[in-house]
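First comes the structure, then the notes that go with it.
The values are calculated or read from the model by the stated rules, or taken from the named source; none is laboratory data. A quick note: this is a predicted structure, and the numbers were derived from the prediction, not measured. Cβ: placed from backbone, ideal geometry, glycine included. Neighbour counts: every protein chain shown. SASA here: full protein model, heavy atoms, side chains in, ligands and nucleic acids out. Shrake-Rupley method; radii C 1.70, N 1.55, O 1.52, S 1.80 Å.
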Amino acid sequence: MADVYNHELTPLQKHAAFFDRNRDGVIYPSETYQGLRAIGCGVVVSAAGAVFINGLLAPKTVPANVKPPAFKFPIYVKTIQQGKHGSDTDVYDTNGRFVPEKFEEIFKKHAHTRPDALTSKELGEMLKANRDPKDFKGRVGAFGEWRLLYALCKDKEGFLHKETVKAVYDGSVFEKLEQEKKESKEFAKKK
């Protein structure tokens with residue numbers, strides 16, 4: 001499965017690849033947990049996130065020619081687009097590519113206070129507007145993803161900036177958060 005890294009990744013694959021901690025093309029719950037911890041989530045949120053994320057995405061991402069190991073809930077980076085859920089923004093297309101028009105639409109429709117950022121209330125408005133009433137799992141997934149992003153990335157004034165949101169879609173925000181956490185730990189050790 002590591003052959004996924006032998007070619008250009010789609011933005012959705014890049015997003016998922018951060019959590020593939022050993023770069024073998026498969027994300028197990030332990031790696032999801034490690035990735036969530038690396039970006040600043042607590043133990044409980046990381047454990048619950050790993051169970052929820054892998055529990056829901058793993059069955060959807062299994063390639064047609066692969067028999068997944070029983071009860072290990074692997075997410076396959078190569079076929080991550082198959083795990084795309086409903087009640088989302090449609091910023092990723094069905095192949096996992098970034099759709100700039102859909103991204104811009106988020107801010108055109110929901111950023112009322114500032115054109116380049118979302119408040120918690122505006123984020124809630126967006127989540128409500130994207131709800132598919134028949135898609136409970138998708139609604140819960142979207143709510144969890146966006147609320148976690150907001151908690152980790154809002155600024156001191158409570159704004160979630162457009163560039164930060166854009167960086168989520170290619171996974172680069174995760175690298176940034178991990179680096180910031182490492183630097184914060186190193187700074188604390190020096191005190």
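Condition test on SER46, is it modelled with pLDDT under 95, of a type in the set (Ser, Thr, Tyr) and open to solvent by less than 40 Å² (accessible area, probe 1.4 Å)? No; evaluated as a whole, the condition is false for this residue. Residues in the stretch 82-95 that are over 16 Å from VAL165 (Cα atoms) and either open to solvent by 20 Å² or more (accessible area, probe 1.4 Å) or part of a loop (DSSP other than H, G, I, E, B) (or both): 8 in all.
For the stretch 43-50, the criterion of a residue being among the hydroxyl-bearing types (Ser, Thr, Tyr), assigned to a helix (DSSP H, G or I) and under 24 Å from LYS166 (Cα atoms) is satisfied by at least one position.
What about TYR169, is it touching a residue at least 60 places away in the same chain (Cβ under 8 Å), within 27 Å of ASN54 (Cβ to Cβ) and surrounded by 15 or more Cβ atoms within 10 Å (Cβ to Cβ)? Yes: the conditions hold for TYR169.
Among the conditions (1) at pLDDT below 95; (2) open to solvent by 50 Å² or more (accessible area, probe 1.4 Å), PRO100 misses just one, which is (1). Does SER87 fit the bill of being touching an Asp or Glu at 6+ places or on another chain (Cβ under 8 Å), polar (S, T, N, Q) and either in contact (Cβ under 8 Å) with a residue 24 or more places away in the chain or not assigned by the TED database to the domain that holds ILE27 (or both)? Answer is yes for this residue.
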